[in-house]
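What follows is calculated from the coordinates using simple rules that are stated; it is not laboratory data. The structure displayed is predicted, hence computed values, not measured ones. Methodologically, a virtual Cβ is constructed for each residue, glycine included, from the backbone with ideal geometry; neighbour enumeration extends over all protein chains shown.
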Amino acid sequence: MSVAAAPPPVAGPTAADSAVTSVAPSTHADFQRDGVVVLRALFADWVEPLRTGLDALMAAPSPLERSYQPQGSARFFQDLCNWQRIPEFEAFVRHSPAARVAADLMGSRTARFFHDHVLVKEPGTAVATPWHQDLPYYCVAGSANVSFWIPLDPIPREICMETIAGSHAWPRIHRPKRFDGSDLYADDDRIEMPDIDANREGFPILGWELEPGDAIAFHFAAVHGAPAVCPGQGRRRIFSARWVGDDAVFIDRGGKGSPPFANLTLRTGEPLDAADFPLIYSR
Ligand SMILES: O=C(O)CCC(=O)C(=O)O
């Protein structure tokens, strides 16, 4: 694995490289087919450092912090793009197996870090995360991408994030909304997400009981959502790490996406190559 502060030149893969993978070929195939796989204990060694980093983050959130707390609900805390100021997050990005596994799942020579996202539902958070796709929020286009949803607490099946198998290959991207239900972009006439909860049997919904350090790996176009957390169900602390591969290019989606990445000077169609997006792995 190359761990790089500055992007190294990307060499082409060799036969030896392609024979060595960090995930079983069947896991790569499952990810390509379903747009989602569960990876057991992959980040078990990173749970304590990530908990430490998360505590530091919640004690001093960034300007991008966006929490929801409707009346009568516990807080749903979210913050984004903190790897450059939280040492434990940076260590995860640079030194955990995530980059290598991301490259293998994506079938990509490279893995470039896109951003981190912390999502904490305190016990009694009445906010269900609505069904959505991440891709239309992001300033990136391309087919090679993956997010790791990494619980730092035990997750019973009832509060696990759920994903619709195969939805990353649905022919349409649906209108993105903020988690409070408002439209993300003005005058967006893309179709609404179908009412999945009204017809759960009609969709191949995947979810798991998880241990801290397991991960759900899912494609940016995969439709996913997450239940509320009842008062007795414990904290639900999630560290999400998002990666892109060889074909990632910048796209201006015509509005303030999420994360906003205010300092980018890239133009639509240019490779997503900027200091905010370090190239962590190449073969
Ligand atoms: O954890 C959640 O509630 C939602 C996670 C999510 O939407 C994501 O990681 O993209």
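Over all directions, average the projected area of the Cα convex hull of the chain and note it in nm².
14.7
Assuming 0.36 nm per residue, please report the length gained on full extension of the stretch GLU65 to ASP187 beyond their Cα-Cα distance. Walk me through the numbers before you get to the answer.
Working: separation 122, 0.36 × 122 = 43.92 nm, distance 2.57 nm.
Full-extension gain reported as 41.4 nm.
Taking the Cα centre of the stretch 144-283 as the origin and placing charges on Cβ (Lys, Arg +1; Asp, Glu -1), which of ALA262, PRO194, TRP149 is farthest toward the positive end of the dipole?
ALA262
For the stretch 220-281, what is the charge dipole size about the Cα centre, in debye to the nearest 20, if Lys and Arg each add +1 at the Cβ and Asp and Glu each add -1 at the Cβ? It would help to have the intermediate numbers written out before the result.
Values: 7 positive and 6 negative charges, 112 e Å.
That gives a dipole near 540 debye.
Quick one: among ALA221, ALA169, ALA241, which has the greatest mean-square fluctuation in a GNM of the chain with alpha-carbon springs under 10 angstrom?
ALA169
Calculate the dipole size of the chain relative to its Cα centre from +1 charges on Lys and Arg beta carbons and -1 charges on Asp and Glu beta carbons; express the result in debye to the nearest 20.
Working: 26 positive and 35 negative charges, 45 e Å.
Value, rounded to 20: 220 debye.
Among PHE203, PHE76, which comes first, second and so on when ranked by fewest other beta-carbon atoms within 10 Å?
PHE203, PHE76
Taking the chain as a Gaussian network, where each spring joins two C-alpha atoms under 10 Å apart, which residue of GLN71, GLN84, GLN32 fluctuates the most?
Maximum fluctuation in the GNM of the chain, among the listed residues, is at GLN71.
Going by a ≥ b ≥ c, the root eigenvalues of the Cα gyration tensor, does the stretch 80-169 fall in the rounded group (a/c under 1.5), the prolate group (a/b larger than b/c) or the oblate group?
Working: a/c = 1.72, a/b = 1.21, b/c = 1.43.
The shape class here is oblate.
Place a label point 7 angstrom from the Cα of MET58 along the Cα-to-Cβ direction, then list the residues of the stretch 227-243 whose backbone nitrogen is under 11 Å away.
235-238
Given springs between every Cα pair under 10 Å in a Gaussian network model of the chain, which of PHE43, PHE261, PHE239 has the largest fluctuation?
Among PHE43, PHE261, PHE239, the largest mean-square fluctuation in the Gaussian network model of the chain belongs to PHE261.
For the stretch 17-170, max minus min Cα coordinate along each principal axis, in Å, sorted largest first?
Principal axes ranked by extent give 52, 35, 31 Å for the Cα atoms.
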